[in-house]
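Inspection log for the structure reproduced underneath, given as structure tokens.
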Amino acid sequence: MKYMLLIHTSGNPDESGSLSEDEQKAILAEYMAISEAAGVVGGDQLQPAATATTVRVQDGQALTTDGPFAETKEELGGYYLYEADDLDSAIELAARIPAARSGGAVEVRPIVER
């Protein structure tokens, strides 16, 4: 089964600035190791939510607004697509994601396979 691991960060860009360069490199290395783990078939970091454009269609017209759909403390910072035997394996991988232990969260959601 495939799972989407949605990485929610605290949304505070100042947090990473408080880390030393070595700490930042170590965290990046953890993300890179996860991207190379067996079963990971895709993933990327996202630009900050402030760069988003939200699209809605009303009366057949596309309406766009700058920024995210909703104001929240956390924002979607990235994702991994992971093929695993079961949910427990996906949870184990999600627990390795640095954001899960630094004020963020990782949502593990099964993909609808057709």
Note to self: Considering only residues that are modelled with pLDDT of 95 or more, of a type in the set (Lys, Arg) and closer than 20 Å to Ala33 by Cβ, which ones fall in segment 87-110?
What the structure shows: Arg96
Checklist line | Criterion (polar (S, T, N, Q), at pLDDT 90 or above and under 30 Å from Glu113 (Cβ atoms)) met by exactly one of Gln58, Gln45 | finding: Gln45
Next item on the list: Only residues that are under 9 Å from the mean Cα position of the chain (by Cα), under 16 Å from Leu28 (Cα atoms) and not aliphatic (A, V, I, L, M): list them for segment 72-114, please.
Entry: Gly77, Gly78, Tyr79, Tyr80
Check: In segment 38-60, how many residues are assigned to a helix (DSSP H, G or I) and either among the hydroxyl-bearing types (Ser, Thr, Tyr) or surrounded by fewer than 11 Cβ atoms within 10 Å (Cβ to Cβ) (or both)?
Finding: 1
Notebook entry, point to check: Which one is modelled with the lowest pLDDT, of the residues in segment 61-79 that are exposed (fewer than 10 other Cβ atoms within 10 Å of the Cβ) and among the hydrophobic types (A, V, I, L, M, F, W, C)?
Noted result: Ala70
Checklist line | For Ser35: the one exception among (1) modelled with pLDDT of 95 or more; (2) under 15 Å from the mean Cα position of the chain (by Cα); (3) surrounded by fewer than 11 Cβ atoms within 10 Å (Cβ to Cβ) | finding: (3)
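The values are calculated or read from the model by the stated rules, or taken from the named source; none is laboratory data. Nothing here was measured: the structure is a model prediction, and the numbers come from that model. Glycine also receives a Cβ, built like all others from the backbone with ideal geometry; neighbour counts cover every protein chain displayed.
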